[in-house]
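A short worksheet on the structure shown next.
Every number in this text was worked out from the coordinates using simple rules, so none of it is lab data. Small disclaimer: the values here were computed from a predicted structure and weren't measured. Glycine also receives a Cβ, built like all others from the backbone with ideal geometry; neighbour counts cover every protein chain displayed.
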Amino acid sequence: MRSGVKVAIVGGVFVVVASGVGYGGYNLWQGINGGSGVGTRSAGAEEKRSGPVTGDEVESAAKEFLAAWAAGESDRAAQLTNNPVEAGHAVLNYREGAKVSRAEITPGKAVGATVPFTVSATVTYEGQSKPWTYSSELTVVRGLTTGRPLVDWKPAVIHPKLTKDGTLRTGEAKAGAVKAVDRKGVELTKERFPSLGPVLDQLREKYGTKTGGEPGIETFVESGTEGVADSTLVTHVQGKPGRLQTTIDANVQAAAERAVKQHPGASVVAIKPSTGEVRAVANNPAAGFNTAFEGKQAPGSTLKIVTAALLLEKGLVKADQVTECPKNAMYYGRTFHNLKGFELGNVPFSRSFAKSCNTAFIKLIDDVRDDSALGKEARNVFGIGLDWKTGITSFDGSIPEETGGEAAAQYIGQGTVQMNVLNIASITATAKYGTFKQPFLVSKELDGRTFAEAARSLPNSVGRQLRAMMRATATNGTGAKAMASVGGNDKGAKTGSAEVGGQATSNSWFAGYSDDLAAAAVVQEGGHGGDSAGPVVASVLKAG
């Protein structure tokens, strides 16, 4: 902002520090109390304003709110927002719950109605103080009933990690400290592996005490949500860490971190097929929601791994059997087409799989004679929907029962199918190994949990044909370009492009394996699977 206003507490007294203007704390508050200072709003003195907030209104409203917040004046700060009840409680808790004894808030230049700012605070607990610096932002809107410019209240205004159910606290952490290590004993930290931040938080909350860790003194966000770990913001006194062995491979994790940074909205997971051990998990953005484990999206044609297994098991196709791949196919009045309307004519089914021909799959649905068969195959062979216990919160996929055209859409990974890259990486791992091994991050011996088990393995002949088709996809199909640099004695792949309503460009999906490592990735609005998600998977496989 032009004035460079700062609000601070110095020696226990809150003041306003301004550079370039004569602007004192008293005048700042006159606008609220009806005086003649900036932001004056005397009752009846002016008509209720309407329309978008002006630049001056944004600047003055932001200054007033930040000053009230820094001063610990929760009631005043609350009245400068469009949600006084929640805002007032949060500002009060900032001082009383988080134990902030001093705060200096520096606004930045407004971008439209949004004002970024930095906070330099001091947290004091039991006579010991520690600095706390971070950035956040606020947005100014016009009040619906008063017409006044008000801060659009969100808990993230106070701190970007604060949510509606969360609370800032300073005191003894609820979980013991842990030193998480990879499968070879390399320490895993948030600083080195940012994507592991949410993972390490959950592992600490769940296994801190089980590893002998003792809690330290911290400023943290108490999540208030079951399954969501508290987030440490400032460590005042280190706890005694317990050693937690994970299945992560530091080299594979590092490759995954680098790969997802190339694309906004990218996620990747790598799994060892023969055991189910998770070797890497990475997201961009790294902080916040763990999309790789908890996301729910249509996976596009990567799900054809399951569909092909179903059709092979039913005896409706063989890898080398000729099937039709027309430009369009209809099922119960719903028409399906191939990417850019291509057609292959009568070709071996392995060719339709390698080129990701949607219509070849759709034309065989009627012969299955069971619209719910795909979900059964996914559950009974690939372990989808079996309540996985990975060690942290995860979603294990869903293919709900459908009929007609909606069931047909599921065959090509669209419609009501919901997956994430953990699920698709596991499906790929099952195709490679032949038997579902539930993915996990920490040993079940640590807490005695029971792993999910699928009802049966892939029949040997089905597994061989499925891998042959995935091998063809990786060598001369839609995955060939991405997999060209991947070595190994045996490799396979499957691409996917998931059409999502409202998006101009489809989501890019890719699944692949090389020897005893399988991986899957998604890039939001990344287009064709081989173009964006493919190189992410290739980078991870090469690191393994």
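The angle between the Cα long axis of helix 460-476 and the longest principal axis of the Cα atoms of the chain comes to about 70 degrees, rounded to the nearest 10. In terms of its C-alpha gyration tensor, region 430-507 has an oblate overall shape, because the principal axis ratio a/c (a ≥ b ≥ c, square roots of the eigenvalues) is not below 1.5 and a/b does not outweigh b/c. What is the helix-to-structure angle for 197-207, meaning the angle in degrees between its Cα long axis and the longest Cα principal axis of the chain, kept from 0 to 90 and rounded to the nearest 10? Rounded to the nearest ten degrees, it is 90.
Could you tell me the center-to-center distance, by alpha carbons, between region 190-231 and region 126-144 in angstrom? Their Cα centres are 22 Å away from one another. Sorting the segments 146-152, 320-326 by their mean number of nearby beta carbons within 10 angstrom, highest to lowest, gives 146-152, 320-326. Taking the C-alpha atoms only, the angle from helix 421-433 to the longest principal axis of the chain is near 30 degrees. The mean sequence separation of alpha-carbon pairs under 8 Å and at least six residues apart, normalised by the residue count of the chain, gives a relative contact order of 11 percent. For the chain, the fraction of alpha-carbon pairs lying more than 44 Å apart is 32 percent, rounded to a whole number. Across region 356-503, C-alpha contacts under 8 Å between residues 6 or more apart give a mean separation that, scaled by the residue count, equals a relative contact order of 22 percent. Packing order of peptides 373-384, 294-305, 399-410, highest average first: 294-305, 373-384, 399-410 (average count of other Cβ atoms within 10 Å over each peptide's residues).
Only helices enter the 222 nm calculation for the chain: every DSSP H run of n ≥ 4 contributes -39,500 (n - 2.57), and dividing by all residues gives -8000 deg cm²/dmol, rounded to 500. If you find the alpha carbon centre of region 75-110 and of region 473-544, how far apart are they in angstrom? Cα centroid of region 75-110 versus Cα centroid of region 473-544: 46 Å apart.
Ranked by how many other Cβ atoms sit within 10 Å of their own Cβ, fewest first, the residues 318, 444 fall in the order 444, 318.
A compact globular protein would have a Cα radius of gyration near 2.2 N^0.38 Å; the ratio found for region 78-154 is 1.25.
Straight-line cross-link partners of residue 174 among the aspartates and glutamates, defined as a Cα under 12 Å from its Cα and at least 8 positions apart when in the same chain: 201, 205, 214, 218, 222, 230. Across region 172-245, C-alpha contacts under 8 Å between residues 6 or more apart give a mean separation that, scaled by the residue count, equals a relative contact order of 42 percent. With 21 Å as the limit, the listed pairs 314/376; 340/494; 179/432; 206/240 have 179/432 beyond it between alpha carbons. Rounded, prolate or oblate: which fits region 393-544, taking a ≥ b ≥ c as square roots of the Cα gyration tensor eigenvalues, rounded meaning a/c under 1.5, else prolate when a/b beats b/c? Rounded.
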